[in-house]
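S.K.: Before we start, here is the structure in question, set down as structure tokens.
The values are calculated or read from the model by the stated rules, or taken from the named source; none is laboratory data. The shown structure was predicted, so the numbers you read here are calculated from the model rather than taken from an experiment. Here Cβ is always computed from backbone atoms with ideal geometry, including for glycine, and neighbour counts include all displayed protein chains.
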Amino acid sequence: MNKISVLIPTYNAEQYIYDLLTRLYNQDLRNNQELEIIIVDSASKDRTISIIEEKFPETIVKSINNQDFDHGGTRNYLASLAKGNILLFMTQDAIPCDNQLISKLVDSLGDEEVVVSYARQIPREDANLLEKFARSFNYPEVSIVKSKDSIEKMGVKAFFNSNVCSAYKRDWFLQLGKFPTKVILNEDMIFAAKSIFSNKKVYYCAEAKVFHSHNYGLIQQFKRYFDIGMAFEETKYLLEHVSNEKEGIKMIKKQMSYLIENRKYHLIIYALIESGIKLIAYRLGKIHKIFPYKLKKKLSAYMK
């Protein structure tokens, strides 16, 4: 019997929570699969909790103070509440595209060497063109199994993993030390890197799909990439063998070709400005230790 624990941190999730939980509880599970859903809410100020309690009383809900939320630590807390041998982490705004999401992810963990599998992200209908390209670049149509042998060819992409929707074998999740705590973000990628350096594998399952995208403005992109730079600096002991900037340059080149092919010439200048802002923010994040705390807090999306 495979018991699957779906683990979701929430904060002001009323826009998504009904659709998300409805689709999760309507998943087409195998005969040997059982589902539980656990939510840890960071003191939502909207109707998140009341919607769950009224419509989905079988859902387990725990609450924490908003200031106590931590990308790694809160997910570790969720894992500690779980009874499943498969831990499926999702974000509140990741909506299953069909009723096969869970079965596809669990199936992709069939290889004993694979310890984590993550889903493809399909942009929402309201996603702008640049966001649609970014999702297709990071989440292609073909599944990939990544191992230590993938590092030379794929670079930093070998460690790519996303807790927007990702399934972990519980025993290996615990054995490899769970997620790091006190990290600004990238706890998922750090775990994937640890897995690969432990001679295990990471599976990108393109058949498992969720709707997920963001139309970030330039300020939001700056803050996010500042945080990414900080995260890479804090985990350079794991990621020192690869360059994130090379992957960024590759993405820019493909983005330009994409815009030209789609005759969206008016977006080329904006896309170049956006890419420049991302690069500057990323490099500033990598030297974040020279900045005073108050300044870092203003530059960051997630610092408290």
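S.K.: In this structure, is residue 299 modelled with pLDDT under 90 and either surrounded by 12 or more Cβ atoms within 10 Å (Cβ to Cβ) or assigned by TED's automatic domain parsing to the domain that holds residue 186 (or both)?
M.R.: no
S.K.: Turning to a different aspect of this structure: Within region 192-230, which residues are over 19 Å from residue 120 (Cβ atoms), within 15 Å of the chain's Cα centre (by Cα) and either without any contact (Cβ under 8 Å) to a residue 60 or more places away in the chain or assigned by TED's automatic domain parsing to the domain that holds residue 19 (or both)?
M.R.: Within region 192-230, 193, 228 qualify.
S.K.: Looking at 74, 48, which one is modelled with pLDDT of 95 or more, surrounded by 14 or more Cβ atoms within 10 Å (Cβ to Cβ) and within 18 Å of the chain's Cα centre (by Cα)?
M.R.: The match here is 74.
S.K.: Among the residues of region 117-160, which ones are in contact with a helix residue (DSSP H, G or I) (Cβ under 6 Å, 6 or more places away or on another chain) and among the β-branched types (Val, Ile, Thr)?
M.R.: 151, 156
S.K.: For region 204-224, how many residues meet the condition of being in contact with a helix residue (DSSP H, G or I) (Cβ under 9 Å, 6 or more places away or on another chain) and surrounded by 23 or more Cβ atoms within 10 Å (Cβ to Cβ)?
M.R.: Of the residues in that region, 4 qualify.
S.K.: Could I ask something else about it? Please count how many residues of region 181-224 are in contact with a strand residue (DSSP E or B) (Cβ under 6 Å, 6 or more places away or on another chain) and β-branched (Val, Ile, Thr).
M.R.: Total satisfying the criteria: 2.
S.K.: Starting from region 267-287, keep only residues that are under 18 Å from residue 301 (Cβ atoms), then list their pairs with residues that are among the hydroxyl-bearing types (Ser, Thr, Tyr) and part of a helix (DSSP H, G or I) whose Cβ atoms are within a distance under 8 Å, requiring at least 6 positions of separation or different chains.
M.R.: 277/225; 278/225; 279/225; 281/225; 282/225; 285/225
S.K.: Taking region 14-41, which residues are in contact with a Lys or Arg (Cβ under 9 Å, 6 or more places away or on another chain) and not aromatic (Phe, Trp, Tyr)?
M.R.: Of everything in region 14-41, those that are in contact with a Lys or Arg (Cβ under 9 Å, 6 or more places away or on another chain) and not aromatic (Phe, Trp, Tyr) turn out to be 14, 17, 21, 22, 33, 34, 35, 36, 38, 39, 40, 41.
S.K.: Next up: Pick from 261, 247, 234: which is surrounded by fewer than 13 Cβ atoms within 10 Å (Cβ to Cβ) and of a type outside the set (Phe, Trp, Tyr)?
M.R.: That would be 261, the only listed residue that is surrounded by fewer than 13 Cβ atoms within 10 Å (Cβ to Cβ) and of a type outside the set (Phe, Trp, Tyr).
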